[in-house]
Each structure stands twice: as C-alpha cells, then as structure tokens.
Amino acid sequence: MKRILLKMSGESLMGKQKTGIDPEMLNAFAKEIADVSQQKTQVAIVVGGGNIFRGLKGAAQGFDRVKGDQMGMMATVINSLALQSALQSMNVKARVYTAIRMEPVGNLYDRDEAIEAMENNEVVIVSGGTGNPFFTTDTAAALRAVELNADALLKATRVDGVYTADPEKDPKATRFDEITFAECLKNEYKILDLTAFTMCKENDMPIIVFNFHEQGSLNALISGKKVGTIVRN
Ligand SMILES: Nc1ncnc2c1ncn2[C@@H]1O[C@H](COP(=O)(O)OP(=O)(O)O)[C@@H](O)[C@H]1O
Ligand SMILES: O=c1ccn([C@@H]2O[C@H](COP(=O)(O)OP(=O)(O)O)[C@@H](O)[C@H]2O)c(=O)[nH]1
C-alpha cells in the first residue's frame, strides 16, 4: 500500500485508566506508527476522542448535542497533539491539521498540503473530526481516506477483524478474512457506523479491521501479510 489512513479510537488510548491518556499506551501505539513510517507507506491518521468526551454521552447528561459534539471534536485535537508529541519524541516528523481553525495548535486542514506533507515523509494527523456535529471520527476517517486517495482505511480496534457476531459477547462468533460491504450491511455487522460505512462503499474504499493491541500487527499488515478482515465491494 502506497498510502494508508489509520483510524485509532480515542478509547484505546486510555489503557487501563477510566478516562484520559495512558502514556504507556500512547507510546506503544506511537512506536508501531514510527516503525511503519520507516517503510515507504505514507501515513495519515484520524484519532477519536471517546477517552475524553463523546457528544452523545454529553447529550444524555443534559448537554446541548451540538456543544457536546464540539467538545468531542476538541477531544480529538487533544489526542492528536499527544500522538504528535509522542511521535516527535521518536524522531518521526508529524504534523497536526485541525478541521476547525485554531492556529497555532495545528494548521487548518488543507487536502493538497496534507498530501504534499505525506509525500515528504511526514505523518499527517487529521484532527477535529469532520468539523461538524452529528458525525463520528469513523466518518471523518472515511472522508479523509477518500479525499487523500488512501489505498485503504485501516480501522485499528481491539478485535482482530469482522466476526459473525460481536466477539466480545458471543464466544462462538467466527472471523472473516474477507467480506463484502453488501454482506456486512445485510447482516448488520457493526464495524464502523453506517455513515462511515456508506462513504467507503460508495467510493470503493476498502476497510481493513485489525487489532492494534497485537504488537507488530500494523507493520505486518503494511508488509502485505494477511492481518484482520478486509471489507470491500
Ligand atoms: N460483527 C462484529 N465483528 C467485529 N466486532 C464487532 C462486531 N459487532 C460488534 N463488534 C464490536 O465492535 C467493537 C469495535 O467497534 P468500535 O466500538 O467502534 O471500536 P473503537 O472504539 O475501537 O473505534 C469491537 O470491540 C467489537 O466488540
Ligand atoms: O466529525 C465529527 C467527529 C467527532 N465528533 C464528536 O467527537 C466525539 C469523539 O469522537 P468518536 O466518538 O468518534 O471517538 P472514538 O469512538 O473513536 O474514540 C464524538 O462522540 C462526537 O461528539 C463530531 O461531532 N463530529
């Protein structure tokens, strides 16, 4: 793969903590990304914000949904800065773009500039989601993957692929190596939210679901090894 869009969940950054960022976890993920950036593959990253704030949860607690989503988008910026800092400490060039203007925290997202940066071997972290409420970072990841001409959207999660049922709830669930978007939709396999999923399906953007907690999994995937599940048309 020449270029990938890696989607990391905010929650994965919590490690064993109940909220926030576990530095050990952050560094472990950064190390995996640093290893990949030594290879020829260009890397763009979208990080979630669920370890800090989720708009829907806020709304359930009485916050205005739009304010809650804006707080969630800010949370993704916090996580992105943490990841940038961890990567830089490993001598990896990394820049943060924000979907909402907030210099000097990061540059306002510019698609052409982001591509140029990746072509110059910089890891590009695209923060702030889509910049709009009522979306998720999965959808932001789908949007940026398509916009940035990625070869695939790599959904880094805590299970090692798409299963016949939620593997965390059904021990009998079996894993697919490959599956089509249509089959996923028909069976309601919940890998990404529907908006993100539709965006990928309509734009022929393959999704690879893999377990980022397995050391070396990202590298193996980039090297062409069979890791996780590939979803495509
Ligand atoms: N059919 C399925 N195949 C794989 N995972 C599933 C399936 N249905 C539900 N899941 C659950 O989806 C979770 C990943 O989705 P999500 O919560 O959006 O991840 P993240 O928080 O890592 O972005 C997995 O941890 C798994 O428990
Ligand atoms: O385009 C976007 C992306 C994210 N969010 C908000 O940011 C929060 C954090 O993102 P998400 O829940 O997708 O993070 P993850 O589950 O990946 O940690 C979401 O709950 C939304 O409130 C948003 O409003 N618009």
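Every number here is computed from the coordinates shown, using simple stated rules; none is lab data. Since the structure is predicted, the reported quantities are computational estimates derived from the model, not experimental observations. Positions of Cβ are backbone-derived with ideal geometry, glycine not excepted, and every protein chain shown enters the neighbour counts.
Please go through segment 78-93 and pick out each residue that is within 16 Å of ligand 1 (Cβ to nearest atom) and either of a type in the set (A, V, I, L, M, F, W, C) or not in a helix (DSSP H, G or I) (or both).
Filtering segment 78-93 down to residues within 16 Å of ligand 1 (Cβ to nearest atom) leaves 79-80, 83.
Hit for segment 78-93 is L83, nothing else.
Only one of A28, A75, A34 is within 16 Å of ligand 1 (Cβ to nearest atom) and either charged (D, E, K, R) or more than 26 Å from N132 (Cα to Cα) (or both). Can you tell me which?
On the way: A75 fails: either charged (D, E, K, R) or more than 26 Å from N132 (Cα to Cα) (or both); A34 fails: within 16 Å of ligand 1 (Cβ to nearest atom).
Result: A28 is the single residue among A28, A75, A34 that is within 16 Å of ligand 1 (Cβ to nearest atom) and either charged (D, E, K, R) or more than 26 Å from N132 (Cα to Cα) (or both).
Determine whether segment 153-169 contains at least one residue that is touching a Ser or Thr at 6+ places or on another chain (Cβ under 9 Å) and away from ligand 1 (no atom under 11 Å from the Cβ).
Checking segment 153-169: not a single residue is touching a Ser or Thr at 6+ places or on another chain (Cβ under 9 Å) and away from ligand 1 (no atom under 11 Å from the Cβ).
Residues that are within 12 Å of the chain's Cα centre (by Cα), at positive phi and surrounded by 17 or more Cβ atoms within 10 Å (Cβ to Cβ): does segment 129-149 have at least one?
yes
So which of K172, K186 ends up being assigned to a helix (DSSP H, G or I), within 16 Å of ligand 1 (Cβ to nearest atom), farther than 23 Å from F135 by Cβ and among the charged types (D, E, K, R)? Even if it seems obvious, please write down each step before you answer.
Working: K172 fails: assigned to a helix (DSSP H, G or I).
Exactly one residue qualifies, and that residue is K186.
What single numbered condition from (1) farther than 25 Å from F135 by Cβ; (2) in contact with a strand residue (DSSP E or B) (Cβ under 7 Å, 6 or more places away or on another chain); (3) part of a helix (DSSP H, G or I); (4) in contact (Cβ under 8 Å) with a residue 60 or more places away in the chain fails to hold for M1?
Of the numbered conditions (1) farther than 25 Å from F135 by Cβ; (2) in contact with a strand residue (DSSP E or B) (Cβ under 7 Å, 6 or more places away or on another chain); (3) part of a helix (DSSP H, G or I); (4) in contact (Cβ under 8 Å) with a residue 60 or more places away in the chain, the odd one out for M1 is (3).
Would you mind finding the one in A86, A59 that is more than 15 Å from ligand 2 (Cβ to nearest atom), in contact with a helix residue (DSSP H, G or I) (Cβ under 6 Å, 6 or more places away or on another chain) and closer than 24 Å to M14 by Cα?
Result of the check over A86, A59: A86.
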